[in-house]
Amino acid sequence: MTSTDTDTPLRSPIPAKGRSLWTDAWLRFRRRKLAMAMLWIIGLYALLAAIVFSGLIAADWDQPVVTSEFYERPAWSRLVVADAQGNALTKNEQYRKIAPELWFGTDIFGQSVLRKTLYGARISLTVALLASLLSIAIGVPMGAIAGYCGGLVDEIIVWLYSTLSSIPGFLLILAFAFVLRERLPGITAVYVALGVTSWVGLCRLIRGEVLKHKNRDYVAAAKVYGASQSRIILRHIVPNVSHLILTDFSLRFVGFIHAEVILSYLGLGPKEEPSWGTMINEAKLELTRNPSVWWQLAAATAAVLFLSLALNIAGDAMRDALDPKLKHVA
Amino acid sequence: MWAYIVRRLLYTIPIVFGVLLITFILFNVVPGGSQASEMAGKAASAENIAEIKKEYGWDKPLLINLNAVGEHGILAAFDSQFFHHFKNAASFNFKRSHKTRENILDMLIRGAPYSLALTVPMFLLTLSIAVCIALTVAFARGTAWDVGIVFLCVFGMSLPYLAYILLGQYFFAFKLGWFPITSHDHRWLGLVLPILIGVTAGVGGDVRFYRTVMLDEMNADYVRTAYAKGVTTPRALFVHVLKNAMIPVITRVVLAIPFLFLGSLLLERFFGIPGLGDMTISAINGRDFPVISAMTFIISILFVLGNLATDICYSIVDPRITLS
């Protein structure tokens, strides 16, 4: 042991009290400043999303905020107190220029891009969250059962996921979204299609971990105590692999946010309400206007970018913090 | 070795069967009869619909044709949608596209070269750039260089793919005019910008993947031995480490190859490249079920074969792997 180890709380020779994996991981996570900053960003997104969902802000996104012109430029790009002729603007005119609704300009209908971006979080985050939960709800039990039971059950589940993973992911998602669109309303088709097609990686991961765990002493002990199979899987093994689910969740979430953008481009996304995907797609026509309209693209891209960045970095830090094998490296 | 290959080949049978089953459920069972009336159009008569149903075999029962058994004997039981789906796919006898009335196999053969002309250079460039960056970054792990590059990679992965295409096309083709906006009239020049965009968008994820792979090898004893006997750093990296990191690299490469045929859905559409990706999007927009179904099946089969090839490559590259 080197001398630098003594000042870290993790390496004291005799811990006063045992720490759980989670506490331990949290202590390690907290030391990563960038990761902590990213966690705050995620928190901010969650807070904004909660406010938007409650209807307090941006519920009036479909109301035009300007009547004079389409595609009003973002207010901050021309924070001026005088107009082109050099006449000083009245306070009222200045205020209008920096009204929050106009910070990111307006779209073709004069709707506030800021409000649309905020409101877009509803669909984008709903799709990503429900698709993630759905794929976890399918992947984890399947993986746990396959790994623990083995035999024919294992073979069937492995066959199922090998088959699904042989079909190109995007075609599979498209085919599902395409077919489900007829039966399920609105965005339900989108997240169901994403959820039911992307549990394979997680299932494979959990199966592998459960295979490792099932021969460990604590499982044998639980068996001796007479615990049922379902109890062993749910109460003993799954908690021991749950950190993998959490790490996987953060990266999965990012993937779904990006998938929504592409599905929207293909016309399989939400129709009536704005999402970050539909906003980015509107830029296809906006950019070719003269002068080109870039603010809606910028706002939606920034919304996707910062959330993805935060989740990616925090997810990586979380994986490192939760990996007991890396303890001595960091 | 041969026994292994044969066993591995046999193992692909249930997978191919599964792919057939899933495409069948997706494209025949779930949409039901609705696709025939949809294909016939709004002003179609009942005869038109019946005709289409007959051409695509949708007038038959789904799994087993019990009605026909009485008339035509026991073999007629297989005169059902599923067995026709199976038979047609196995003999690569795909139906005609209902939009263009063209044979789907011909369409695929026509589109594949365009897709490959886009995806193969894109893939090779991304791969070589990513492996080189990953090696140097892994070598300098923990330094500002490493942290900076990894951050850039994550940043690159966090930007939506569509934003890359929109901005790339806007700035370099539309605004600056360095490249043609679509590849219609300039066959090769038109491919340069989509390839560059694809490489830029894809390199981040690859660097991160290969960096992890290289890091696992970097601390191995053989690397220290190599340095100890006086091997230069580039040689240690590119000969010793790279060779040992080959297994995950090969897996990724071989498994990516089938998807090269698929082309790039978005890039092809934006740059007007008439490849398979573009064809898929047209099929989706035109609700052309037979085309999507055939695409899905063919790429899946290529993927299964790619998987097989990977396992065989392992045994060639890494003699430590014994095929038991």
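Bear in mind these aren't lab numbers, they're just calculated from the coordinates by the rules spelled out. From a predicted model like this one, the values you see are computed outputs, not experimental measurements. Positions of Cβ are generated from backbone atoms using ideal geometry, with glycine treated the same way; all protein chains shown enter the neighbour counts.
Tabulated values for the structure
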{"quantity": "Mean-position separation - Cα centroids, region A:226-276 and region B:93-116, in angstrom", "calculated": "36"}
{"quantity": "Chain lengthening between B:Cys132 and B:Ala228 when straightened (0.36 nm per residue, less Cα-Cα)", "calculated": "32.2 nm"}
{"quantity": "Between region B:282-307 and region B:126-176, the Cα center-to-center distance that results, in Å", "calculated": "30"}
{"quantity": "Cβ-Cβ FRET estimate between B:Phe92 and A:Leu184, R0 fixed at 35 Å, reported to 0.05", "calculated": "0.55"}
{"quantity": "A:Ile108/B:Asn285 FRET efficiency (R0 25 Å; Cβ-Cβ; nearest 0.05)", "calculated": "0.65"}
{"quantity": "Estimated vicinal HN-Hα couplings, Hz - region B:261-273 in sequence order (Karplus 6.51, -1.76, 1.60; Gly, Pro = x)", "calculated": "5, 5, x, 10, 3, 7, 4, 5, 5, 5, 9, x, 8"}
{"quantity": "Placed amide H near A:Gln111: partners under 5 Å, 5+ positions off or other chain", "calculated": "A:Val65"}
{"quantity": "Listed pairs A:Lys116/A:Lys271; A:Lys271/B:Lys175; A:Lys17/A:Lys223 exceeding 19 Å between Cα atoms", "calculated": "A:Lys271/B:Lys175; A:Lys17/A:Lys223"}
{"quantity": "Packing-based exposure ordering (other Cβ within 10 Å, fewest first) of B:Leu135, A:Leu305", "calculated": "A:Leu305, B:Leu135"}
{"quantity": "R0 of 35 Å, Cβ-Cβ distance A:Ile57-A:Asn290: FRET efficiency to nearest 0.05", "calculated": "0.55"}
{"quantity": "Within 10 Å of each Cβ in B:162-170, the average number of Cβ atoms from other chains", "calculated": "6"}
{"quantity": "Note, ³J(HN,Hα) from phi for region A:140-156, Karplus 6.51, -1.76, 1.60, rounded to Hz, x at Gly and Pro", "calculated": "5, x, 4, x, 5, 5, 4, x, 7, 7, x, x, 5, 4, 4, 4, 5"}
{"quantity": "Karplus-derived HN-Hα couplings along region B:139-144 (A = 6.51, B = -1.76, C = 1.60, θ = phi - 60°), whole Hz, x at Gly and Pro", "calculated": "5, 9, 4, x, 7, 4"}
{"quantity": "Cβ crowding within 10 Å averaged over residues, with A:263-269, B:110-116 ranked highest first", "calculated": "A:263-269, B:110-116"}
